[in-house]
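Visitor: Here you go, one structure.
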Amino acid sequence: MRVLVIGNGGREHALAWKLAQAERVSQVYVAPGNGGTARDERLQNVPLTDVKALADFAVEQKITLTVVGPEAALAIGVVDEFRSRGLRIFGPTKAAAQLESSKAFAKDFMKRHGIPTAAYETFTDPAAAHAYVDGRGAPIVIKADGLAAGKGVVVAMTLAEAHEAISWILEDNKLGVTHNAGADGLAVPRVVIEDFLAGEEASFIVVCDGKHVVSLATSQDHKRLLDGDEGPNTGGMGAYSPAPVVTPNVHAKVMHEIIQPTIAGMARDGHPFTGFLYAGLMIDEHGQPRTVEFNTRMGDPETQPIMMRMKSDLFELLMHATDGTLDQVELQWDRRVALGVVLAAEGYPLNPRKGDVITGLPDDEDEAMVFHAGTATVDGQLQTSGGRVLCVTALGESVRTAAQRVYEIASGIQFAGRQYRSDIGHRALKR
Ligand code: AMP
Ligand code: GLY
C-alpha cells in the first residue's frame, strides 16, 4: 500500500522512515520532503504543497493513507479537503485544529471543560492589556493569538518586559499575526495574557480516533536556544523519551484530567478530534499537571526519539485511528532511552542562514539516525535550507549513554555556523 506524508521537517522524515518499515507499506511519498527524504531510497519526494494538488496526487497514485505533519496544513483545512473527496487522511479538521491554531479558542475550550491550565484574559486593546499586566504583576506570559512557530510567546519575568511584548504584538504587530476579532470585521492582532506556571515541562502526545485514545511514549523538549535553558524560544533544540517527570501517577492524572475531557469535550462541541493531540504540560512540584498549550500534530523534535522507540507498526496504528478502532490497539515500546539533538543553522531562530554545505554525515548507523529537516540537495551537494537542519537521534541504555552516542555523531557533522545545545537531557540526568 502507498502512503503520503505531508511536510518537510525532521518530524516528517521520522514519520516517513517509520512508515516505510511497516509490513503492508510498499511506497512512502513525502510532500514536499527535504534533502534527507530525497536520499532515502525507500522514500520518494513529491514537489507539492497546495492542498488541492495533494488531494489530486492521492487520487492518481491510489494513496491508502495520508499523514499530516505540520500545523499550517491542518489550519488551512487539508483534512477537510481530503475527506470531502473520500480520501483517508490522519489529522484533525480545520475546526478541530483550532485547539492549536487559536490560543483563544484553546483557552476558552479548557475553561469551559474544566481542564487545568493557567488563568488568562484575551485582549485586542493595548491600553486594556497594559492595565491588566499592571494589576496582575510579573512573572506573566504574553502570547500572540495565531500560529507563530513557537515565536509568539514571551515569558516576561518583569513588568517592563511584559509591556514591551504587548507593544510589540498589539501596537506594532511585529509578528504579522492577525485574527478576525475587530468589531468592524477587520483583522486585528490579539494577545492572550496568562499567569506564569512554575514546574517542569513535558510533551504528552496521544493518537485519537474521535472517541478513543492511545498514548505514545512520553518525551521532553528543550525549547530555548542555549545551554541551561537560556536564550530565545525556538521550535525545539532537542528531545528525549521517556520523560521521567511523567511518573505513572502523573500519567494517570493527565489522561483523566486533561486528555479524556479534551476528547469528550471536542466531540460534544461538534468537532470530534482525530489526529495526534499533543498536550504541552507544566508539572508542578506536587505532580499536578497543567496544560500550557495544545498542538494538533506531533512535536518536532519529539517525534524523532519517539519513533526510534516505537516497536509497533505505525501504519496499522493510523489505520485503526482512521477506522475509529483505537480501542483494539496496544503499543509496544523499546524500553531504552532515545535522545535527539538538533543541529541548527547560524542565525536560528531569528534569521537562519541557508546554503551552507553539509559534510561528515555518517553512513547508516546501528540504533542511531540522522533525521533531516532544513536540508536540500543543490548540484549534487547537500546544503542547509532552513533553521533546524538535522536531528541526530540515538538509542541507549540510559540518557547518558544515548547522549554520548548522539554527541559523538553530531561532532563529526560539519557546516558553517552550525549550532547545537550540549546539554540535552539535563533534567533527566539531574534526577
Ligand atoms: P507555547 O507556545 O504556548 O507552548 O509557549 C512556549 C513556551 O513558553 C512553553 O513551552 C513554555 O516554556 C513557556 N510558557 C508558555 N506559557 C507559560 C506559562 N503560562 N507559564 C510558564 N511558562 C510558559
Ligand atoms: N517541539 C515543540 C513543538 O513541536 O511544538
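Visitor: Among the residues of segment 201-220, which ones are within 10 Å of ligand 1 (Cβ to nearest atom) and surrounded by fewer than 23 Cβ atoms within 10 Å (Cβ to Cβ)?
Guide: In the first step, residues of segment 201-220 are kept if they are within 10 Å of ligand 1 (Cβ to nearest atom); the result is 201, 203.
Correct list: GLU201 only.
Visitor: Residue check, GLY35 against (1) open to solvent by 40 Å² or more (accessible area, probe 1.4 Å); (2) at pLDDT 95 or above; (3) out of contact with any helix residue (DSSP H, G or I) (no Cβ under 9 Å at 6 or more places or on another chain); (4) not hydrophobic (A, V, I, L, M, F, W, C), all met but one. Which one?
Guide: (1)
Visitor: Quickly run through segment 1-15 and pick out the residues that are within 13 Å of ligand 2 (Cβ to nearest atom) and either open to solvent by 10 Å² or more (accessible area, probe 1.4 Å) or at pLDDT below 95 (or both).
Guide: GLY9, ARG11
Table: residues versus (1) open to solvent by 10 Å² or more (accessible area, probe 1.4 Å); (2) of a type outside the set (Phe, Trp, Tyr); (3) touching a helix residue (DSSP H, G or I) at 6+ places or on another chain (Cβ under 9 Å).
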| site | (1), (2), (3) |
| --- | --- |
| GLY91 | no, yes, yes |
| ALA96 | no, yes, yes |
| SER101 | yes, yes, yes |
| ARG112 | yes, yes, yes |
| ALA118 | no, yes, yes |
| PHE123 | yes, no, yes |
| ALA128 | yes, yes, no |
| VAL133 | no, yes, yes |
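Visitor: Being under 30 Å from ARG24 (Cα atoms), over 21 Å from the mean Cα position of the chain (by Cα) and open to solvent by less than 30 Å² (accessible area, probe 1.4 Å) is the requirement here; does ASP334 meet it?
Guide: So ASP334 passes the test.
Visitor: While we're looking at this one, here's another question. Test GLY360 against the criterion of being crowded, with 22+ Cβ neighbours inside 10 Å and modelled with pLDDT of 95 or more, and give yes or no.
Guide: On the way: crowded, with 22+ Cβ neighbours inside 10 Å: no; modelled with pLDDT of 95 or more: yes.
So GLY360 fails the test.
Visitor: Among the residues of segment 348-357 satisfying the criterion of being more than 21 Å from the chain's Cα centre (by Cα) and loosely packed, with under 14 Cβ neighbours inside 10 Å, which is farthest from GLU397 (Cα to Cα)? Steps first, answer last, please.
Guide: First pass over segment 348-357, keeping only residues more than 21 Å from the chain's Cα centre (by Cα): 353-357.
If we keep only those that are loosely packed, with under 14 Cβ neighbours inside 10 Å as well, we get 355, 357.
On the way: GLY355: 37, VAL357: 33 Å.
Looking at the filtered set, the residue picked out is GLY355.
Visitor: Name every residue in segment 84-143 that is closer than 27 Å to ALA53 by Cβ and assigned to a loop (DSSP other than H, G, I, E, B), in order of residue number.
Guide: Within segment 84-143, the first condition is being closer than 27 Å to ALA53 by Cβ, and the residues that meet it are 84-102.
Answer for segment 84-143, where residues must be closer than 27 Å to ALA53 by Cβ and assigned to a loop (DSSP other than H, G, I, E, B): ARG85, GLY86, LEU87, ARG88, GLY91, PRO92, THR93, LYS94, ALA95, ALA96, ALA97, SER102.
Visitor: Restricting the search to segment 372-399, which residues are out of contact with any helix residue (DSSP H, G or I) (no Cβ under 8 Å at 6 or more places or on another chain) and surrounded by 15 or more Cβ atoms within 10 Å (Cβ to Cβ)? Let's see the steps before the verdict.
Guide: Taking segment 372-399 and keeping what is out of contact with any helix residue (DSSP H, G or I) (no Cβ under 8 Å at 6 or more places or on another chain), we get 374, 378-381, 384, 386-387, 389, 397-398.
Within segment 372-399, GLY374, THR384, GLY386, GLY387, VAL389 qualify.
Visitor: Restricting to segment 236-249, what's the tally of residues that are in contact with a strand residue (DSSP E or B) (Cβ under 6 Å, 6 or more places away or on another chain) and buried (at least 22 other Cβ atoms within 10 Å of the Cβ)?
Guide: Step one: filter segment 236-249 for residues in contact with a strand residue (DSSP E or B) (Cβ under 6 Å, 6 or more places away or on another chain), giving 236-241, 243, 245-246.
With buried (at least 22 other Cβ atoms within 10 Å of the Cβ) added as a condition, the list becomes 236-241, 243, 246.
Qualifying residue count, segment 236-249: 8.
Visitor: List the residue pairs whose Cβ atoms are under 7 Å apart, where the first residue sits in segment 258-271 and is within 21 Å of SER203 (Cβ to Cβ) and open to solvent by 10 Å² or more (accessible area, probe 1.4 Å), the second is modelled with pLDDT of 95 or more and part of a loop (DSSP other than H, G, I, E, B), and the two are 6 or more positions apart or on different chains.
Guide: Partner pairs satisfying both residue conditions: PRO261/HIS113; PRO261/GLY114; PRO261/ILE115.
Visitor: Evaluate segment 400-409: report whether one residue or more is part of a loop (DSSP other than H, G, I, E, B), hydrophobic (A, V, I, L, M, F, W, C) and open to solvent by 10 Å² or more (accessible area, probe 1.4 Å).
Guide: Keep residues of segment 400-409 that are part of a loop (DSSP other than H, G, I, E, B), which gives none.
Within segment 400-409, none of the residues are part of a loop (DSSP other than H, G, I, E, B), hydrophobic (A, V, I, L, M, F, W, C) and open to solvent by 10 Å² or more (accessible area, probe 1.4 Å).
Visitor: Output the strands (runs of 3 or more DSSP E) that fall wholly within segment 7-82 and possess 2 or more residues being under 20 Å from the mean Cα position of the chain (by Cα) and either among the polar types (S, T, N, Q) or farther than 22 Å from LEU277 by Cβ (or both), or say none. Show your work before the answer.
Guide: Values: elements: 27-32, 43-45, 63-68.
The strands (runs of 3 or more DSSP E) meeting that bar are 27-32.
Visitor: Can you name the condition, by its number, that SER26 falls short on among (1) over 22 Å from HIS320 (Cα atoms); (2) out of contact with any Phe, Trp or Tyr (no Cβ under 8 Å at 6 or more places or on another chain)?
Guide: (1)
Visitor: Here's another thing I want to ask about it. With a cut-off of at least 1 residues that are away from ligand 1 (no atom under 16 Å from the Cβ) and within 29 Å of GLU346 (Cβ to Cβ), name the strands (runs of 3 or more DSSP E) lying wholly within segment 232-319. If you could, list the steps in order and put the result at the bottom.
Guide: Values: elements: 238-241, 274-283, 289-295.
Ranges flagged: 238-241.
Visitor: Let me ask something else about it. Filter segment 281-316 for residues that are small (Gly, Ala, Ser) and either in contact with a Leu (Cβ under 6 Å, 6 or more places away or on another chain) or surrounded by fewer than 18 Cβ atoms within 10 Å (Cβ to Cβ) (or both) and give the result.
Guide: Quick first cut of segment 281-316, residues small (Gly, Ala, Ser) only: 287, 299, 312.
Hits for segment 281-316 are GLY287, SER312.
The values are calculated or read from the model by the stated rules, or taken from the named source; none is laboratory data. From a predicted model like this one, the values you see are computed outputs, not experimental measurements. Cβ: placed from backbone, ideal geometry, glycine included. Neighbour counts: every protein chain shown. Just so you know, the surface numbers come from the protein's heavy atoms only, side chains and all, with ligands and any DNA or RNA stripped out. Shrake-Rupley method; radii C 1.70, N 1.55, O 1.52, S 1.80 Å.
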